[in-house]
Amino acid sequence: MQAVLNYLESRQQQFVEELREYVSHPSVSAQTDHRADMQRCADWLAAHCRDLGLQVRVHDTPGHPIVVARTPRRRGRRHFLVYGHYDVQPPEPLELWSTPPFQPQIRAGALYGRGASDNKGQHWAHLKAVEAYLRTGTELPCDLTFLIEGEEEVGSVSLESFLHRHRKELACEAVVVSDTGLPARDLPALTYALRGIAAFELVIHGPDRDLHSGIFGGSVHNPAVVLCQLLGRVHDSRGRVTIPGFYNEVEPLTAGERQQLRRLPFSERAYRKLLGVPALFGEAGYTPNEQRMARPTFEINGLTSGYQGEGSKTIIPAWARAKVTMRLVPRQRPATILRRVRAFFRKHCPRSVRMEFIPGHGCAPYRLDPAHPWARAARSALERAFGRKPVLMREGGSIPIVIRFKEILRAETLLLGLALPDDNAHSPNEKFDLEVFARGQRMSAWLWQELAR
């Protein structure tokens, strides 16, 4: 292992320059103008993996290519899958970037560019760890397959069918994903739970057209008012969701879980400043970290009704619409929650309007027992690389593909994030901390040793 670690230490400048080139590809999956850039990025990644000595295949899909790179399979060796994505979020608004998003720059110990931390830099750390094994002639104690897709930012549309078609060759002991975060540069984390998601749209239909608010106002139920009244019923003054059965399956946080969350560095003042709000608000009885990581939520994402242009237009709108997503915690199921929400709104919707409930996308929550052998191995690798015991944390967001790995490959996922809270994923001036990048490589190098045991 010393040869591997020495190799990593001596090649940091080279690795950063390679990552800079990788990030320079404008691989924006959501924009059709970048379709050729997506192909070029996949081909560049595949060529780099071949140069390392990996067996590589670029798979075409109806969307964007999937790159699969593997070490030789050996009988009797455990096999692990490393997942990542080379596609990135759109960089707009461009005027808010200090430097162009696809001309990566190094400032204050970080690489700035779209995709630097989400997700190119994070899976690049794993590739460099494998390179260190291969270039020093050190035997990898297990077999690895890198699965790097180009549609994560648009819903991984092609990946689910790909997993079904290639289930046999991708069969593995566990999946390693570095696409989450760690709370601080010197505090590593194992994310053992993800919130699920359930989306829907609620539409209130009133008159068959917009009406003159002076001539007809007072005799017709305004759909916008009805929608606001219905949504206003969802939370009580203590931030708790009032929908019957919403919390039925929710398991209380254990004392140990709450203790782990208290280990996370947190300043309410700094958090308010980060968010730009005068005060925090959430479900009473829980800390802000518990509220955003480990409790279910009901959030209005958008409200639309009536005239939105310049000046005024005195109408009663014909309809009003709300877009909603609910974040779910382990044991909650999207279909069950959606049924309860629909019943709640149907009960309270007046007969003077027509309600339309449109279910949207969803995925179940994910949880890995922190005492699982794979989790213990990951925690040991994190401690070796960072020199400090990792914290166990939950992630407030959702990664639907993790559920697909469990359903299709029957494999648990180790979430070993390397993004700092201020790395600006999905925002202007995205960056990746280069010290964390180096520690992530060491963590990955140790991880294969620990998992092989």
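Close lysine pairs were tallied over the chain: pairs 8 or more places apart or on different chains with Cα atoms under 21 Å apart number 6. Length available on full extension from Phe216 to Asp236: 0.36 nm per residue minus the Cα-Cα distance, which gives 3.9 nm. Of the residues Gly256, Asn289, Ala36, the one whose Cα sits farthest toward the positive end of the charge dipole of the chain, with +1 on the Cβ of Lys and Arg and -1 on the Cβ of Asp and Glu, is Gly256. Shown is the FRET efficiency for Ser10 and Ala255, computed with R0 = 45 Å from the Cβ-Cβ distance and rounded to the nearest 0.05: 0.50. How high is the FRET efficiency between Asp43 and Leu275 when r is their beta carbon distance and R₀ equals 45 Å, given to the nearest 0.05? With a Förster radius of 45 Å, E is 0.65.
Per residue, the convex hull around the alpha carbon atoms of the stretch 1-110 comes to 139 Å³. How about the stretch 100-168: which GluC sites (Glu not before Pro) there are in a DSSP loop, with at most 16 other Cβ atoms within 10 Å of their Cβ? Counting only loop positions with at most 16 other Cβ atoms within 10 Å, the GluC sites (Glu not before Pro) in the stretch 100-168 are Glu139. A viscosity of 1.567 mPa s and a temperature of 4 °C, combined with the Kirkwood radius over C-alpha pairs in the Stokes-Einstein formula, give the stretch 239-320 a diffusion coefficient of 79 µm²/s.
Tell me what the chain gives for mean residue ellipticity at 222 nm when only DSSP H runs of n ≥ 4 count, each as -39,500 (n - 2.57), the sum divided by the residue total, rounded to 500 deg cm²/dmol. Computed ellipticity for the chain at 222 nm equals -10000 deg cm²/dmol. What the phi angles of the stretch 358-370 give under the Karplus curve with 6.51, -1.76 and 1.60, with θ = phi - 60°, is a coupling list of 10, x, x, 6, x, 8, 6, x, 10, 8, 10, 4, x Hz, glycine and proline written as x. If the label point is 7 Å along Cα→Cβ of Asp422, which residues in the stretch 263-298 have backbone nitrogen under 11 Å from it? Inside the label zone: 274. Counted by Cβ distance under 15 Å from Thr314, the other residues give a net charge of 0, where Lys and Arg count +1 and Asp and Glu count -1. Between the labelled values (i) 57, 57, 42; (ii) 59, 48, 39; (iii) 83, 50, 46, the entry that holds Cα extents along the principal axes in Å as derived from this structure is (iii). If the segment from Ala184 to Glu435 were pulled out straight at 0.36 nm per residue, it would be longer than the present Cα-Cα gap by 89.2 nm. Shown is the FRET efficiency for Arg342 and Ala318, computed with R0 = 22 Å from the Cβ-Cβ distance and rounded to the nearest 0.05: 0.50. Compared with the direct C-alpha span, the chain from Val225 to Ala36 gains 63.3 nm at full extension, assuming 0.36 nm per residue.
Put simply, the convex hull of the Cα atoms in the stretch 45-150 casts, on average, a shadow of 8.4 nm².
Label-to-label distance for Thr138 and Arg77 is 1.5 nm, based on points extended 7 Å past Cα in the beta-carbon direction. Each of Arg50 and Glu18 was given a label point 7 Å from its Cα along the Cα-to-Cβ line. The distance between the two points is 1.6 nm. How much net charge surrounds His426 when only other residues with a Cβ under 9 Å from its Cβ are counted (Lys, Arg +1; Asp, Glu -1)? So the surrounding residues net to -3.
Sorted fewest first by neighbouring Cβ atoms within 10 angstrom, Lys128, Lys389, Lys120, Lys273 come out as Lys273, Lys389, Lys128, Lys120.
Any read-out appearing in this document is the output of simple, stated calculations on the displayed coordinates, not a laboratory observation. None of the values given here were measured: they were computed from a predicted structure. Positions of Cβ are backbone-derived with ideal geometry, glycine not excepted, and every protein chain shown enters the neighbour counts.
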